[in-house]
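Here the structure is laid out as structure tokens; the discussion comes afterwards.
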Amino acid sequence: MAAPMSEAAEGIPSGSEPGAAPFGNFPNYSRFHPPEGRVRLLPPALLGRLFPAGPSPLLGLDVGCNSGELSVALYRHLLGLQENEASPDQPVVGKILNLLCCDIDAALIERAERCSPFPGSISYATLDVMDTGARELFLSSYLSRFSRSTFDIGFCMSVTMWIHLNHGDDGLVEFLSYLSSLCKYLLIEPQPWKCYRAAARRLRKLGRNDFDHFRSLAINGDMAERITQILTEDGAMELVCCFGSTSWDRSLLLFKSKRVTQKQL
């Protein structure tokens with residue numbers, strides 16, 4: 001068993017009540033897990049490699065974007081924009097990306113909208129992605145504006161644990177199945193199992209009930225491996241690359257839909 005993790009190591013400010021964020025909607029998350037820790041692992045020309053002759057604009061979906069700091073960092077990095085550049089008009093990689101970012105927390109979305117340096121290219125929406133009716137209506141409406149049925153690339157960064165804890169094994173499998181049907185490529189950063197134990201421990205420290213599903217989860221252990229199995233076992237996706245791990249021990253995994261032809265790589 002791994003040693004218990006401190007709140008700071010988990011991205012939680014000391015003295016706060018992290019149990020009040022049961023969906024991972026921490027208000028200062030990026031201060032403890034900076035976006036640079038993820039984007040530095042990604043090739044700067046990734047979009048050009050994945051979509052050498054792809055559609056324009058490319059459509060991206062960021063599920064569980066929190067207050068948008070990582071969304072903006074991914075956008076800058078993938079388009080080759082410098083930190084002080086506020087215009088995506090002439091990206092280095094020669095691609096145009098429209099990024100839709102959603103989160104369950106309306107306050108975090110409001111902050112993301114207020115601070116966004118790219119309001120014309122990055123849009124934010126409050127959305128519970130596990131509400132099947134709401135997500136189908138909203139995301140299909142967004143895609144229809146571009147006469148599309150899928151997103152070119154999806155991002156799911158440190159979100160899978162919260163889906164799993166709140167919706168159980170079946171919820172995690174359904175969530176991943178939905179994303180695999182919705183995105184041509186999918187970049188996932190799964191939380192390792194030690195983070196599950198730390199999240200449950202925080203609730204107990206506050207004298208609150210455990211997550212409903214935590215003690216009954218059959219999908220456990222090496223979560224990067226288990227999530228890879230779920231996404232690939234039915235043939236919907238294949239693992240393209242693991243870009244390495246962050247300093248807080250989370251892997252960045254890129255998957256490709258089997259609907260994407262080899263010529264697009």
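The values are calculated or read from the model by the stated rules, or taken from the named source; none is laboratory data. Keep in mind that what you see is a predicted model, and the values were worked out from it rather than measured. Methodologically, a virtual Cβ is constructed for each residue, glycine included, from the backbone with ideal geometry; neighbour enumeration extends over all protein chains shown. Side chains are part of the model used for accessible areas, which takes the heavy atoms of the whole protein and leaves out ligands, DNA and RNA. Shrake-Rupley method; radii C 1.70, N 1.55, O 1.52, S 1.80 Å.
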Just give me the residues in the stretch 138-155 being part of a helix (DSSP H, G or I) and within 16 Å of Val63 (Cβ to Cβ), in sequence order. Phe138, Leu139, Ser140, Tyr142, Leu143
Mind listing whichever residues of the stretch 143-169 are over 26 Å from Phe26 (Cβ atoms) and surrounded by fewer than 22 Cβ atoms within 10 Å (Cβ to Cβ)? Leu143, Ser144, Arg145, Phe146, Ser147, Arg148, Ser149, Thr150
Hey, among Ala3, Ala8, Ala86, which residue is surrounded by fewer than 15 Cβ atoms within 10 Å (Cβ to Cβ), in a loop (DSSP other than H, G, I, E, B), in contact with a Pro (Cβ under 8 Å, 6 or more places away or on another chain) and at pLDDT below 95? Ala86
Residues in the stretch 93-105: is at least one modelled with pLDDT under 80 and not in a helix (DSSP H, G or I)? yes
Considering only the stretch 25-50, state which residues are basic (Lys, Arg) and in a helix (DSSP H, G or I). Arg31, Arg38, Arg49
Can you name every residue in the stretch 133-161 that is in contact with a Leu (Cβ under 7 Å, 6 or more places away or on another chain), without any contact (Cβ under 8 Å) to a residue 60 or more places away in the chain and of a type in the set (A, V, I, L, M)? Ala134
Mind checking whether some residue in the stretch 218-226 is open to solvent by less than 20 Å² (accessible area, probe 1.4 Å) and in contact (Cβ under 8 Å) with a residue 60 or more places away in the chain? yes
